[in-house]
1. Please give the FRET efficiency for MET1 paired with VAL74, using the beta carbon to beta carbon distance and R0 = 35 Å, rounded to the nearest 0.05.
2. Hey, if you drop one equal point scatterer on each alpha-carbon of segment 1-81 and run the Debye formula without solvent, what base-10 log of I(q)/I(0) do you get at q = 0.22, 0.25 Å⁻¹?
3. Show me the ranking of peptides 52-62, 27-37 by mean Cβ neighbours inside 10 Å, starting with the highest.
4. Which ³J(HN,Hα) values in Hz, rounded to whole numbers, follow from the phi angles of segment 46-58 under the Karplus curve 6.51 cos²θ - 1.76 cosθ + 1.60, where θ = phi - 60° and Gly and Pro get x?
5. What does the charge count around GLU37 come to, taking other residues whose C-beta lies under 14 Å from its C-beta (Lys +1, Arg +1, Asp -1, Glu -1)?
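Each value in this text was obtained by applying a stated rule to the coordinates, not by laboratory testing. Keep in mind that this is a model prediction, so the values were computed, not measured. Using ideal geometry, Cβ is built from the backbone for each residue, glycine included, and neighbour counts are taken over all protein chains shown.
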Amino acid sequence: MRIRWPRPRSRGALGIAAFIAIPLFFSSLMASTLALEKPHVVQWTSGGRLLTTWHDPSTATEARIWLWALVPPVLLVIVGLAGSLAAREWRRRGPMAAAADAGPEPAPG
C-alpha cells in the first residue's frame, strides 16, 4: 500500500523555514548545552597546591543535548510545511473564505 502525500505548489514557506532552521539549530544547541550539561569537577590538594580536573560529559548527556537541540528546528520546518500546504488550500478556497469573512457590516451605533 502506497501513501500519497499532498504536494504543495508553493514551497516558499518551507524554504524560508528550512533556511531559518539552520541558525536556530546552532543557537538551540548552545542553549541546550548550557541548560543540560553540568560540569563534573574533581579537586584535590597535592604538595600544597590545589589541583583541578574537569571531566567530559557522559554519552547519554551528549545525546540528550543533541536531541533537545533538534526539537525547535524540526518544529519550525513542520510549521513551514503546514504553511506550504495551507497556501495551496488558500489558492483553492481562499476567495470563498474571504467572501464569507467579509459578510454584512454591523450597523453603526
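1. Given R0 = 35 Å and the Cβ-Cβ separation, E is 0.85.
2. Per q value, in the given order, log10 I(q)/I(0) is -0.97, -1.08.
3. Peptide ranking by packing, descending: 27-37, 52-62.
4. 3J(HN,Hα) across segment 46-58, in whole Hz: 9, x, x, 10, 8, 9, 10, 10, 9, 9, 5, x, 6.
5. Cβ neighbours under 14 Å give a net charge of 0.
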